[in-house]
1. Positive end of the dipole of the chain, charges at C-beta (+1 Lys, Arg; -1 Asp, Glu), about the Cα centre: which of 17, 187, 123 has its Cα farthest in that direction?
2. Mind checking the angle between helix 217-230 and the chain's longest principal axis? C-alpha axes, 0 to 90 degrees, to the nearest 10.
3. Mind checking the angle between helix 35-47 and the chain's longest principal axis? C-alpha axes, 0 to 90 degrees, to the nearest 10.
4. Please label the shape of region 251-355 as rounded, prolate or oblate, based on the square roots a ≥ b ≥ c of the eigenvalues of the alpha-carbon gyration tensor (a/c under 1.5 means rounded; beyond that, a/b larger than b/c means prolate, else oblate).
5. Taking the chain as a Gaussian network, Cα atoms linked when under 10 Å apart, which of 154, 145, 19 shows the biggest mean-square fluctuation?
6. Region 44-95 to region 266-280: how many Å between their Cα centroids?
7. Put +1 on the Cβ of every Lys and Arg and -1 on every Asp and Glu Cβ in the chain; which of 313, 240, 207 then has its Cα farthest towards the positive end of the dipole?
8. So how do 155, 235 line up by other beta-carbon neighbours within 10 Å, fewest first?
Amino acid sequence: HPKGRLRTREALAKSYSPLFNRTLDPETEVIISAGANEGLYAIFAGFLDDGDEVILIEPFFDQYIANITMNGGVPVYVPLRPHGDTNKIISSRDWKLDINELRSKITPRTKILVFNTPHNPVGKVFSREEMLEIAQVVQEFNLLLVSDEVYDRLYYKPDVHGRIATLPGLWDRTITVGSGGKTFGTTGWRVGWLIGPKNLIKTVLSAQTRIVFCVNSPLQEAIGISIEEAEAHGYYEENIALYEQRRDKLCKALSDAGLPYTFPQGSYFILANTKRINIPEDYEYPEILLDRPRDFKVCYWMAKEIGVVAIPPSEFYSEENRYLGEDYARFAFCKTDETLEAAAKALLKLTKYINE
Ligand code: PMP
């Protein structure tokens, strides 16, 4: 069925009902998508008319852009900004949204706000107070809220992932996006889900029926069984503990290499500040990188000369705010111990290139 396998929808409804403080109806309030990505695409296909504006909080998961523009939408940007001394270790808590800046971006064409917590690539877990401010804006301007919570099972003590759809008045205007790929480390299976009120899910289902019709059944069943079993086996807690260890390993490796970073409250990314890396002036980059921001060059050089691959985060910003990402590299710790240990060793090669 285009809605997804009944067993998987039932497993999701059962598992998520307590988290949303309501009894979710697996027939009308949950659908299975081909990964979170297709779920997001179906939301934009279902709701956007040409010229409708969608607010994105920068830095953002880069797929949002094509998902919006291919459906006639116009992305509008508002950045998170780091507060404090970014030459030292800061917390993802220190990356903040200026709510007045967000308000200033709203026009009569604004239809959707995309929100993401735990956040890729900052690792921020938004606080209840921050979410209440966003909720107020969403209600005041009658927006649809898309809450991308694909890392909802990956948050670290003392932080707890809060669900914006549970704030007063928000259930009726929020679609929450989830991912079996993130929850179970099965990205290639392409099983995600959307949770929201019946009238919103109905529209997305119409779009999804034309996009993929349905998601492959065997892996939907497998994810359904995983969700059924996860809690009884303590999977989520165990997974968090495992990722905490991985996070700490990568943090130590970055510290040992002399790179300050943003300590993440959730997700599996670390933004390292690469400003102090001093790449030889005469280093030769491929032509394709020559007019790219500095972070592309740093990431290229690091991959080639240090042997560790990171993502240049300016790609997660609009043209106008690209400079905000230029001094960073995004590292991921969804890796085995062996890979993290090899990375730690390789990163030590950086020390001779670091300016004190
Ligand atoms: N949203 C965010 C914030 C992500 O980081 C990702 C994957 N990198 C997705 C959505 C897409 O998830 P999926 O693999 O389930 O399509």
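Readers should treat all values here as calculations from the given coordinates under stated rules, not as data from a laboratory. Model, not experiment: these values are computed from the prediction. Reconstructed Cβ throughout: ideal geometry from the backbone, glycine too, with neighbour counts over all protein chains shown.
1. About the Cα centre, the residue reaching furthest to the positive side is 17.
2. 80
3. The angle comes out at about 60 degrees.
4. Details: a/c = 1.71, a/b = 1.21, b/c = 1.41.
Since a/c reaches 1.5 but b/c is at least a/b, the shape of region 251-355 is classed as oblate.
5. 19
6. Here the two parts' Cα centres lie 20 Å apart.
7. Towards the positive end, the residue furthest out is 240.
8. Fewest-to-most ranking of 155, 235: 235, 155.
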